[in-house]
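> Can you keep this structure in mind? I'll have questions shortly.
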Amino acid sequence: MDILLTGSIAYDYLMTFPGHFKEQILPERLEAISLSFLVDSMTRQRGGVAPNIAYTMALLGKRSRVMATVGEDFDEYRQWLEEKGIDTSLIKTIRGVFTASFFATTDRANAQIASFYPGAMAFAATQSIREVSPRPDMVVISPNAPDAMKNFAAECRALDIPYLYDPSQQVLRLEGHELARDMEGAYFLFVNDYEFGLITRKTGWDLKHILQHVKVVVVTRGKEGANIYTADEEYFIPPIPERQVVDPTGVGDAFRGGFLAAYSHHLDWETCGKVGALAAVYCLEQQGTQNHFYTPQEFVTRFRQHFDDGGRLDVFLQNTPLKPQQPSPIAQEPYESVRHQRY
């Protein structure tokens, strides 16, 4: 199955705050909130929804294509993706601008405050799925410039290409009629539980109504697991115990990558969800969205410590695994990693 991933490509600036955000917020002063957090570490990582999903898919032997717009500072990132077997031929460089940037601060409870600068992503609507050859079997429409997301969904409907609609962070910006428009005709809807609540409030559609327009709805719920809904069935995906909790950034993208890798092998919904859950845990256990690593054999072995797949995951063992990663170049220029002592 040829899966085309559209969405943001960004550099992630990840910071950690040694306290709790909730202790610094005065509910009675929210209208005049003014906060500055002294963080005790910062790293610059490769990120963006589309390559994050592609990276996890590549770990499981599924090579995908990424279509996005980037800035002039993308060359080394492109090389990194190509070394992982990810097709970057549809990634377009926009001269004179920087690649998008994501700034996130995480506290001790894994609560997160983030900002996103679009940079070259603002030019994403200059691309068109109509120009993609060969035509993909499925398109993932993940957070991107809003006009690009609208265009890609419309093109998929016109070309009769199944698509996965993943509005994610853009739910805050999109209006109810815009969300309803692009859920109409989508094969999948992927959201977390908070985003699902926003969508139901903005559109006035409950789950039953959404399933009249979307074939499969996947709602991730963090440490409470995930749910997969179809018109006839509901599947609960239990959480998988983590070995350590380091950084939640990119966990949802890893879930999607695992789910899609399993889906590309035509595995059942419950197995797809469980593969996604384990892929998410691997990401949670490392800092950054593309620093976790496992071979298909290691993945399947750990999976079978928690679930009986009846041999279905043997399909992953037939794939050629990626070579073990060398020490990450993130610790070198221009991917600096600077850690500060606490004051």
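The values are calculated or read from the model by the stated rules, or taken from the named source; none is laboratory data. Fair warning: this is a prediction, and the values are worked out from it, not measured in the lab. A quick note on method: Cβ atoms are made from the backbone with ideal geometry, for glycine too, and the neighbour counts reach across all protein chains shown.
> Scan 224, 175, 184 and give me the residue that is surrounded by fewer than 18 Cβ atoms within 10 Å (Cβ to Cβ) and closer than 22 Å to residue 278 by Cβ. I'd like the intermediate steps shown before the answer.
Working: 175 fails: closer than 22 Å to residue 278 by Cβ; 184 fails: closer than 22 Å to residue 278 by Cβ.
Going through 224, 175, 184 in turn, the sole match is 224.
> Looking at segment 80-92, is at least one residue among the β-branched types (Val, Ile, Thr) and in a helix (DSSP H, G or I)? Working first, answer last.
Here is the first cut: in segment 80-92, the residues among the β-branched types (Val, Ile, Thr) are 86, 88, 91.
Now drop any that are not in a helix (DSSP H, G or I), which leaves none.
No - not one qualifying residue is present in segment 80-92.
> Still on this structure, I have one more. If you check 61, 48, which single one turns out to be closer than 23 Å to residue 263 by Cα, touching a strand residue (DSSP E or B) at 6+ places or on another chain (Cβ under 6 Å) and of a type outside the set (A, V, I, L, M)? First the steps, then the outcome.
Values: 61 fails: touching a strand residue (DSSP E or B) at 6+ places or on another chain (Cβ under 6 Å).
Of the residues listed, the single one that is closer than 23 Å to residue 263 by Cα, touching a strand residue (DSSP E or B) at 6+ places or on another chain (Cβ under 6 Å) and of a type outside the set (A, V, I, L, M) is 48.
> Would you mind telling me which numbered condition in (1) of a type in the set (D, E, K, R); (2) within 28 Å of residue 130 (Cα to Cα); (3) modelled with pLDDT under 95 residue 178 fails?
(3)
> For residue 237, state whether it is of a type outside the set (Ser, Thr, Tyr) and under 24 Å from residue 268 (Cα atoms). I'd like the intermediate steps shown before the answer.
Values: of a type outside the set (Ser, Thr, Tyr): yes; under 24 Å from residue 268 (Cα atoms): yes.
So residue 237 passes the test.
> Which pairs have Cβ atoms under 8 Å, sit 6 or more apart or on different chains, and link a residue in segment 139-162 that is touching a residue at least 40 places away in the same chain (Cβ under 8 Å) to one that is surrounded by fewer than 18 Cβ atoms within 10 Å (Cβ to Cβ) and of a type outside the set (Gly, Ala, Ser)?
Listed pairs, sorted by first residue: 139/162; 143/169.
> Report every pair of residues separated by at least 6 positions or lying on different chains whose Cβ atoms are under 9 Å apart, first residue within segment 18-29 and assigned to a loop (DSSP other than H, G, I, E, B), second among the β-branched types (Val, Ile, Thr).
18/39; 25/33; 26/33
> Among the candidates 103, 74, single out the residue that is out of contact with any helix residue (DSSP H, G or I) (no Cβ under 9 Å at 6 or more places or on another chain) and either under 27 Å from residue 302 (Cα atoms) or of a type in the set (Phe, Trp, Tyr) (or both). Walk me through how you get there before you give the answer.
Values: 74 fails: out of contact with any helix residue (DSSP H, G or I) (no Cβ under 9 Å at 6 or more places or on another chain).
That would be 103, the only listed residue that is out of contact with any helix residue (DSSP H, G or I) (no Cβ under 9 Å at 6 or more places or on another chain) and either under 27 Å from residue 302 (Cα atoms) or of a type in the set (Phe, Trp, Tyr) (or both).
> Looking at this structure, is residue 277 in contact (Cβ under 8 Å) with a residue 24 or more places away in the chain, within 25 Å of residue 15 (Cα to Cα), of a type in the set (A, V, I, L, M) and part of a helix (DSSP H, G or I)?
Working: in contact (Cβ under 8 Å) with a residue 24 or more places away in the chain: yes; within 25 Å of residue 15 (Cα to Cα): yes; of a type in the set (A, V, I, L, M): yes; part of a helix (DSSP H, G or I): yes.
In short, yes.
> Under 6 Å by Cβ, and 6 or more places apart or on different chains, what pairs join a residue from segment 217-236 that is hydrophobic (A, V, I, L, M, F, W, C) with one that is part of a loop (DSSP other than H, G, I, E, B) and at pLDDT 95 or above?
231/211
> Here's a follow-up. Residues to consider are 161, 210; find the one that is more than 18 Å from residue 271 (Cα to Cα), in contact with a Pro (Cβ under 7 Å, 6 or more places away or on another chain) and modelled with pLDDT of 95 or more.
Values: 210 fails: in contact with a Pro (Cβ under 7 Å, 6 or more places away or on another chain).
Within the list 161, 210, the selection yields 161.
> I'm told residue 109 meets every condition in (1) at pLDDT below 95; (2) within 20 Å of the chain's Cα centre (by Cα); (3) closer than 27 Å to residue 278 by Cα; (4) surrounded by fewer than 20 Cβ atoms within 10 Å (Cβ to Cβ) except one. Can you identify the failing condition by its number?
(2)
> Mind listing just one residue for me: the one in segment 1-44 that is exposed (fewer than 11 other Cβ atoms within 10 Å of the Cβ) and of a type in the set (Gly, Ala, Ser) and, of those, farthest from residue 291 (Cα to Cα)?
Once the filter is applied, the top-ranked residue is 32.
> Looking for whichever is modelled with pLDDT of 95 or more and over 29 Å from residue 17 (Cβ atoms) here; the options are 261, 279. Which one fits? Walk me through how you get there before you give the answer.
Working: 279 fails: over 29 Å from residue 17 (Cβ atoms).
The unique qualifying residue is 261.
> Mind checking whether some residue in segment 299-314 is outside any helix (DSSP H, G or I) and in contact with a strand residue (DSSP E or B) (Cβ under 9 Å, 6 or more places away or on another chain)?
Of the residues in segment 299-314, the ones outside any helix (DSSP H, G or I) are 304-313.
Filter again for in contact with a strand residue (DSSP E or B) (Cβ under 9 Å, 6 or more places away or on another chain), leaving none.
Among the residues of segment 299-314, not one is outside any helix (DSSP H, G or I) and in contact with a strand residue (DSSP E or B) (Cβ under 9 Å, 6 or more places away or on another chain), which makes the answer no.
> Identify the single condition in (1) surrounded by fewer than 17 Cβ atoms within 10 Å (Cβ to Cβ); (2) in contact (Cβ under 8 Å) with a residue 12 or more places away in the chain that residue 82 does not satisfy, given that it satisfies every other one.
So residue 82 meets the others, but not (2).
> Is it the case that segment 6-19 has a residue that's farther than 23 Å from residue 105 by Cα and at pLDDT 95 or above? Show your work before the answer.
Filtering segment 6-19 for residues farther than 23 Å from residue 105 by Cα gives 6.
Keeping just the survivors that are at pLDDT 95 or above gives 6.
There is at least one residue in segment 6-19 that is farther than 23 Å from residue 105 by Cα and at pLDDT 95 or above.
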